[in-house]
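What follows is a short report on a single structure.
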Amino acid sequence: MDSRHSAVALILAILSSAALADQFVGQASVIDGDTLEMHGVRIRLWGIDAPESSQLCRGKDSLQYRCGAQAANELDAFIARRPVNCVPVSLDPYGRTVATCSVAGRDLSEWLVHSGLALDWQQYSKGRYHEAQREAERAGQGLWKGSYVEPWLYRACIRASGKPSACSDDANAHP
């Protein structure tokens, strides 16, 4: 390996180890419903998927509302400038730290799912938040009040050059 490749490998190793530090504790900024920023590091909440900031859902009255913005705003209100404790799990394909985060001992991912503001992403969580999602659905909380497109399907539609309003009202919307 030449010296240039060695230098790049060293830089990547340093950045990866910084991103996967033992834990992050401090004041966090909410980027969207499942992403925080703390100490200049983007942190993706582990095991869940919240609607994207531009995503629209339909409420009980069938009117569209900004469910992605609602998830972010309610998460910000829940955190309420209290210290956030995040324990890194991995890095995602975008270089973000994926972590379990809590405020005053309350798992933020569980809180979001239980509040109906995010979905248990079983592909990653292995069902850790399944019961919280069932409770939110039974209670008609958040997304469960009306209809929505799963965030991963919404992102796929947007990547295929869809517009937020059209991608939010997919024929595959969850009832």
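The values are calculated or read from the model by the stated rules, or taken from the named source; none is laboratory data. Everything quoted here is computed from the prediction, not taken from an experiment. Don't worry about glycine lacking a Cβ; one is built from the backbone with ideal geometry, like all the others, and counts go over all protein chains shown.
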The residue that is nearest to the chain's Cα centre (by Cα), considering only those in the range 83-113 that are small (Gly, Ala, Ser) and assigned to a strand (DSSP E or B), is Ala99
Here, helices (runs of 4 or more DSSP H) confined to the range 129-175 with at least 1 residues that are at pLDDT below 95 and of a type in the set (A, V, I, L, M) are 151-159, 164-168
Somewhere in the range 61-81, is a residue part of a loop (DSSP other than H, G, I, E, B) and closer than 22 Å to Ala28 by Cα? yes
Is it the case that Ala69 is farther than 17 Å from Asp32 by Cβ, over 11 Å from the mean Cα position of the chain (by Cα) and either at pLDDT 95 or above or not aromatic (Phe, Trp, Tyr) (or both)? no
Checking Asp107, Asp32 in turn, the sole residue that is among the acidic types (Asp, Glu), at negative phi, touching a strand residue (DSSP E or B) at 6+ places or on another chain (Cβ under 8 Å) and at pLDDT 95 or above turns out to be Asp107
Residues of the range 25-71 being within 14 Å of Ala99 (Cβ to Cβ) and among the acidic types (Asp, Glu), in sequence order, are Asp34, Glu37
Over the range 73-91, the set of residues surrounded by fewer than 15 Cβ atoms within 10 Å (Cβ to Cβ) and of a type in the set (D, E, K, R) is Arg81, Arg82
Those residues of the range 143-175 that are in contact (Cβ under 8 Å) with a residue 40 or more places away in the chain and over 24 Å from Asp92 (Cβ atoms) come to a total of 6
So, Ala80, is that one under 26 Å from Asp169 (Cβ atoms) and over 16 Å from the mean Cα position of the chain (by Cα) or not? no
